[in-house]
Amino acid sequence: MSEYDKVIKGGTIIDGTRTRKAFVGDIAIKDGLIAKITEGDGIPASAGAEVIDATGLNVVPGFIDLHTHYDGQLLWDPYLSCSSWHGVTSVAIGNCGFGFAPAHPEQQERLMLSMERVEAIPLATMKAGMDWDWETFPEWLDSLDRRPKGINVMSFVPLNPLMVYVMGIDAAKTREPTEEELAEMLRLMEESLDAGGVGFSMQRLGDGFTSVQRDYDGTPMPTDTMSDELCLAFANVLKDRGQGFIQLTQAKNDVVADLDFGADLARESDAVVLWNAVQVNEYHPHQHRRMLKWVNEQREQGHKIWMQAITTPNDMRFMLDDFNLFDGNGAWRDVTIGDVPTRIAKMNDPELRAAVRDDYDNGSAPFVSGPIANIVIDSVANEENQKYVGMTVAELGVATGKHPADAMLDLATSEGLKTVFYVTPFNYEQSYMQEVLDNEWTVPGVSDGGAHTKFLNFGRYPTDLICDSVRERGAYTLEEAHYRLAALPAIAAGFDDRGTLEVGRAADIVIYDYENLKLLPTTIAHDLPGDEWRYVETAEGYRYTIVNGVTIRVDNEVTGEYPGKLLRHGSAMGVTRAA
């Protein structure tokens, strides 16, 4: 009988603590935990039932992604691609207040319709891939617990379905709860946290340019319209328990008020608040600087606020047949609600078209794309339009002798909304990004994994960070990068059992070839239930991905093992702590 289940020999170990320099050594794994770590040739190969030769490779803690929307995908994809393709071994679901529990049976389709719009997950995929063997949130966690999982999963208690469960969709959006309704919602929150929810999440977006995630009918989501007082009532539940944390996507119409509310939430809950999100906007660099200054001030006051940072280029390809991320601009929202024939009819309506032109000339640039004028025609459906490929919308207007908004919509409608548009990244200027990366309280990520599958793929962010920010730009040392990718999100989320390579911690480990790590080109995969497709990006250079001591990927092939765990309260041991 071998002393250890697995021995990793001769790798360059970067333990994620940031306090210890990389060193060449060995790691032994027993019963899913790290049993021994040595510098040099300290563990004989004969001691392991399995031996991995990691010579010349980096051995690092598995990456932790605190912002995903894999709530549905977990039911049909136990490995949670694309995240696990990029070294992620633990994820949080239920972000932004969106999810599928609790749900009365008659509310199931309504929740899927909402998720189709706000997170752009195809309705056909959810209908084909979700079996709905739960109603309450505890039943949801039990359902997740018994399903095969390639990586670890923890879940927020999302406020939208909870409010809808008690009040109904219309009431949840339009009025305050009665005393009885509030009492029931707080009871359900307690019940959900007792069952293992890691805290609660909510999106609070206003009617201005930031409100890019609306319901399927174009109206705000319940948490967008909920009062500060109701939010703080939920926050007090966490304070009374001394347990759990909050994921907040906040961007209403008054930036100062937004930040003030974040401070109130941290103070009233005495809990960690994950603020979403800080990112560079090259057109408005004051935005990220204001947030970074604010979080520094909040930490000085003792508030446990962390900024989740978008560190991936915001390139995006989309077609107008199901695009939703212009929702913050009313004129564009009006013409992008409905099925394809409805959208085309709206886009050809003279009054609605005039409103789009006016928005182009006088409105704010859409939050996710920047100025419409700079959007590029990436590919076309009709051969006669090939001459326009590579042009910006502004250039298309000149080439066709039309107002650019007319030119864009005429091209798209002539092709049944199958024209592919490309957003050139505007969040990646090196000096600005360095300001975000250098801040002590920023957590790289916000992959949105599982969402916006036909528009973007931020699940690649760990690979992008290592290849570009570390290897090419020198923005981080490897020690700092792996602290940010694993240990820091573990600290923010209160994990006590993973996030660093230390004896006694969970053996979530990634082994990769630093010099040859690279992103592969974006491709289309027809691999979703309901005969739907998505954009995907994988990588070369990840040699082994290990979850709870079991190898789930070797190079780019899965092993068929499912060692992932449901992390109730954020930990396999059921423990949380404040950060």
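In straight-distance terms, cross-link reach from Lys6 covers every one of the lysines whose alpha-carbon lies under 16 Å from its own, apart from those fewer than eight places away in the same chain; here that gives Lys30, Lys36. Phi angles across the stretch 395-400 convert, under the Karplus curve 6.51 cos²θ - 1.76 cosθ + 1.60 with θ = phi - 60°, into 3J(HN,Hα) values of 5, 4, x, 5, 5, 9 Hz, Gly and Pro given as x. Restricting attention to the stretch 1-155, close to 45% of DSSP beta bridges with both partner residues there are antiparallel.
Maximal additional length on extending the Asn516-Lys418 stretch stands at 31.7 nm, based on 0.36 nm per residue less the C-alpha distance.
Ordering Thr500, Phe245, Thr178 by the projection of their Cα atoms onto the charge dipole of the chain, which places +1 on the Cβ of Lys and Arg and -1 on the Cβ of Asp and Glu, puts Thr500 at the extreme positive end.
Placing unit charges on each Cβ (+1 for Lys and Arg, -1 for Asp and Glu) gives the chain a dipole about its Cα centre, and among Leu66, Tyr388, Ala412 the Cα reaching farthest toward its positive end belongs to Leu66.
Principal-axis analysis of the Cα atoms of the chain puts helix 255-269 at an angle of about 40° to the longest axis. For a test of the definition: using alpha carbon positions, the gyration tensor, and the 1.5 limit on a/c, classify the stretch 316-423 as rounded, prolate or oblate. In terms of gyration-tensor shape, rounded. Taking amide H as placed 1.01 Å from N in the peptide plane, Ile52 has its amide H under 5 Å from the amide H of Val7, Ile8, Lys9, each at least 5 places away in sequence or on another chain.
Per-residue Karplus couplings for the stretch 38-49, computed as 6.51 cos²θ - 1.76 cosθ + 1.60 with θ equal to phi - 60°, are listed in order as 10, 7, x, 7, x, 10, x, 4, 5, 7, x, 5 Hz, Gly and Pro entered as x.
Mind running the shape call on the stretch 186-269? Use the C-alpha gyration tensor, a ≥ b ≥ c as the square roots of the eigenvalues: rounded below 1.5 for a/c, prolate if a/b tops b/c, oblate otherwise. Oblate. Report note on the peptides 262-269, 61-68: ranked by the mean count of other C-beta atoms within 10 Å, highest first, their order is 61-68, 262-269. For the chain, the relative contact order works out to 21 percent when only alpha carbon pairs closer than 8 Å and six or more residues apart are counted.
Pairs with C-alpha atoms separated by more than 22 Å, drawn from the list Lys21/Lys293; Lys173/Lys304; Lys418/Lys454, are Lys21/Lys293; Lys173/Lys304. By DSSP, the beta bridges lying fully in the chain are antiparallel in about 50 percent of cases. Relative protection proxy for 184-193, 321-330, from highest mean packing down: 321-330, 184-193 (other beta-carbon atoms within 10 angstrom).
Here is how the number arises for the chain: DSSP H runs of 4 or more residues each give -39500 (n - 2.57), the sum is divided by the residue count, and the result at 222 nm is -9000 deg cm²/dmol.
Computing Cα extents along the principal axes in Å directly from the structure and comparing it against (i) 86, 59, 55; (ii) 75, 64, 56; (iii) 77, 61, 47 singles out (iii).
For the stretch 226-322, a simple Cβ point-charge model (Lys and Arg +1, Asp and Glu -1, everything else neutral) yields a dipole of about 360 debye relative to the Cα centre. Relative to the Cα centre, the charge distribution of the stretch 18-94, modelled as +1 at Lys and Arg Cβ and -1 at Asp and Glu Cβ, gives a dipole magnitude of about 320 debye. If you take the Cα centroid of the stretch 76-143 and the Cα centroid of the stretch 270-325, the two points sit 24 Å apart.
Computed from Cα atoms, the angle from the helix 228-241 axis to the main principal axis of the chain rounds to 10 degrees. For the pair the stretch 458-506 / the stretch 1-55, the C-alpha centres are spaced 19 Å from each other. What you get for the stretch 316-423, charging only the Cβ of Lys and Arg (+1) and of Asp and Glu (-1), is a dipole of about 120 debye around the Cα centre.
The numbers here are math on the coordinates, done by the rules we state, and not lab data. None of these values were measured; they are calculated from a predicted model. All Cβ positions, even for glycine, are placed from backbone atoms using ideal geometry, and neighbour counts span all protein chains on display.
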